[in-house]
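Below is one structure, written out as structure tokens, with a few remarks after it.
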Amino acid sequence: MKTDNIKVLVVDDDVIERKSIKRELTLKYSEYQVMEASTAEEAFVYIKNMSFDVIIIDYHMPQINGIEAIINLRTMAHLKHTAIVMISNNNDEQLMLDCINAGAQDFLLKSDVTENQLARTILQSRKRHELELQLQDSYQQVKHLAERDKLTGLHNRYYFDEALTRMLAYQKRTPDELIAVILFDLDKFKHINDTFGHEVGDKLLVAASQRILKILRGDELFARFGGDEFVLACAHLKTIRQIKGVIRRLTKAFTTPFSVDGHYLYCTSSIGVAISPINGYTGEELLKMADIAMYRAKKSSQKRYCLFEDNMQEAFLRKYKIESELRQAIKKNEFRMNYQPIVDVNTNKIIGAESLIRWPNGKTSKSPGEFIPIAEEAGLIQVIGKWVLQEVISYISNLLGEKKRDLYISINVSPCQLSDKRFTAFVESLLKSYKVPASSIVFEITETALLNEDATTLEALTSLHELGIRIALDDFGTGFSSISHLLICPINIVKVDKSIIQHITQAYSNHRSMLEGLAYMLNKLDIRIIAEGVETKQQAKLCMETGIELIQGYFYYKPVNEDDLYLLLDKVEEKTVN
């Protein structure tokens, strides 16, 4: 360490002691520049106007002791590189430790002060202080790495959890204030990653975080949780209206596209909000509830944010339980197939049947109307759908092989399956493997599969149709119906939803008039029509009068298992022959 121009401030109310220290340093060592102060107040005036390498201060000073003096000195930012040496006549070891712990680099007894000892102490203190600063800088760097997200520079989850805990603890002293935890992610971020590459995706995350930082007011806690998920915690709020103001600013940040490597990327966000103390008191509770609310916002087509409500958790937990049970059901092969016959009313002959998945061991739910959408959301429908296809096509092979029946089975197909480019090839391989003609298969799709007019979906339907598989449009009339679907897509059959059928018996029913017009139009387009949910003789009669010849419903047959369908077909065929 260089010793040129070492500036030393000696603070001691004893003028003799002060002069003695100055003399010991300056007589032999010309590099020392020594200033004197007789009180702490005088020392602070010097310190304010000058910089020093070392401060030597007496522990026993008027109005202030050494510990207090060290604490005051260590709060002064411009003294960061100044070493402090405490001197005293008191040789109490605890006092020495207290001074060191307060921030002094050394403690020296006045009786030990000699020119050599004093110089050595100053050099050692400076070196020790230099090492302490290096250690502190290293600690700050490690702390920064531990608390910051490497990509965006934002705080990470570890820091956020700790800071939110402190924020919530402080809130207990101000119970009239609210804390909002706002969780959000970027919609369709995976699609952007897959289309433009992960480098562009990373740059988008950085751009999004920088844009959000600009609209914040500075006292919010902002962190990245990983992937495309971010979180805000806002304190000192008085009303829900203030929280909605934060959400509006956040939403507005995504209204203009992001320019990344020459690409203009339009990106929205789904936002979930939980509020303390309304929704919970701990960080873990609030984050879980904000996650549930974000999930609801993502599924909503109406708005991009959602505030947590009490009934959300119950619905979320129910979905979570069903999803967990579905995963076990797939492993244990717990699903079964039932079949509901479709009847030609002119001949009373069964011309086909709809295959219906059943889950007899389902604990939380056995309803396909509930567990199938959950399977779609959880990405399980592909596995379940493949099982259904193999099960049904294998069954058709046995059903047709025995008596060469002229019969078809319809299979419900999810939009998720149609979006898989390998779907058609998989179906074709099953047909060949089980030697089943494509004409004995009908795929039933809902109109939701056609809403976005996705090119992959339309291509899949066309390919399946070219194989000889017929396409049926299911649940027609439930709210999404569009005549254009009948013209654009290769539709062979339309199944009128039971919600229409069950109203046609009412006097002057608009449902009946609509059904008559629909049947006339479809017959003109050479599209067959099936009435679903026919439960009474009168409904069956009116369907026949409107020109509908194919009926499916409890009035004729309920869904039956595989063995019972065999028996039923034999019985109907025998009755028809006789």
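The values are calculated or read from the model by the stated rules, or taken from the named source; none is laboratory data. All values reported here derive from a predicted model rather than from experimental measurement. All Cβ positions, even for glycine, are placed from backbone atoms using ideal geometry, and neighbour counts span all protein chains on display. Calculation scope for accessible area: heavy atoms of the full protein, side chains included, ligands and nucleic acids excluded. Shrake-Rupley method; radii C 1.70, N 1.55, O 1.52, S 1.80 Å.
Sort segment 180-322 into rounded, prolate or oblate with this rule: let a ≥ b ≥ c be the square roots of the eigenvalues of the Cα gyration tensor; rounded if a/c is under 1.5, and if a/c is not under 1.5, prolate when a/b is larger than b/c, oblate otherwise.
oblate
Separation of segment 519-536 and segment 337-394 by C-alpha centroid, Å? Using only Cα atoms, the two centres lie 22 Å from each other. If you plug each phi of segment 343-354 into the Karplus form 6.51 cos²θ - 1.76 cosθ + 1.60 with θ = phi - 60°, what whole-Hz ³J(HN,Hα) values come out, in order, with x for Gly and Pro? Values per residue, Gly and Pro as x: 10, 8, 5, 6, 10, 6, 8, 7, 9, x, 7, 8 Hz. Just to confirm the number: angle between the C-alpha axis of helix 115-147 and the first principal axis of the chain, 0 to 90 degrees, nearest 10? For helix 115-147, the angle is close to 10 degrees. For residue 513, the solvent-accessible surface with a 1.4 Å probe is about 70 Å², rounded to the nearest 10. Dipole of the chain (Lys/Arg Cβ +1, Asp/Glu Cβ -1, origin at the Cα centre): which of 114, 71, 486 lies farthest to the positive side? Result: 486.
Let me check something: with ligands and nucleic acids excluded, how do 263, 236, 129 order by accessible area (1.4 Å probe), largest to smallest? Write out the running numbers ahead of the final one.
Details: 263 70, 236 95, 129 15 Å².
Ranked list, largest accessible area first: 236, 263, 129.
Using only helices, what value at 222 nm comes out for the chain when you add -39,500 (n - 2.57) per DSSP H run of length 4 or more and divide by the total residues, to the nearest 500 deg cm²/dmol?
Values: 21 runs with 282 residues, N = 578.
Theoretical 222 nm ellipticity from helices: -15500 deg cm²/dmol.
What FRET efficiency comes out for the pair residue 253/residue 173, r = Cβ-Cβ distance, R0 = 30 Å, nearest 0.05? After rounding to 0.05, the efficiency reads 0.40. In this view, the solvent-accessible surface of residue 191, computed with a 1.4 Å probe and all protein chains in place, comes to about 120 Å².
Given the pairs 48/127; 288/386; 363/541; 188/238; 349/386, which span a C-alpha to C-alpha distance of over 28 angstrom in this model? Violating the 28 Å limit, Cα to Cα: 288/386; 363/541; 188/238; 349/386.
Which percent of the accessible area of the chain is formed by carbon and sulfur heavy atoms (probe 1.4 angstrom)? Show your work: numbers first, answer last.
Numbers: 15410 of 30400 Å².
Carbon with sulfur: 51 percent of the solvent-accessible area.
Projecting the Cα atoms of 207, 455, 365 onto the dipole axis of the chain, where Lys and Arg carry +1 and Asp and Glu carry -1 at the beta carbon, places 455 farthest toward the positive end. To the nearest ten degrees, helix 240-252 and the longest principal axis of the Cα atoms of the chain are 80 degrees apart.
Compute the relative contact order of the chain as a whole-number percentage, counting only Cα pairs closer than 8 Å that sit 6 or more residues apart in sequence.
Computed over the chain, the figure is 7 percent.
3J(HN,Hα) along segment 177-183, derived from phi through the Karplus expression 6.51 cos²θ - 1.76 cosθ + 1.60 where θ = phi - 60°, amounts to 9, 10, 10, 9, 9, 10, 9 Hz, with x in place of Gly and Pro. Taking all protein chains together and rolling a 1.4 Å probe, residue 521 ends up with roughly 50 Å² accessible. The long axis of helix 510-524 is offset from the longest Cα principal axis of the chain by roughly 70 degrees. In a simple Cβ point-charge model (Lys, Arg +1; Asp, Glu -1; nothing else charged), the chain has a dipole of about 1020 debye relative to its Cα centre. Under a model in which nothing but the beta-carbon of Lys, Arg (+1) and Asp, Glu (-1) is charged, segment 408-564 shows a dipole of about 260 debye around its Cα centre.
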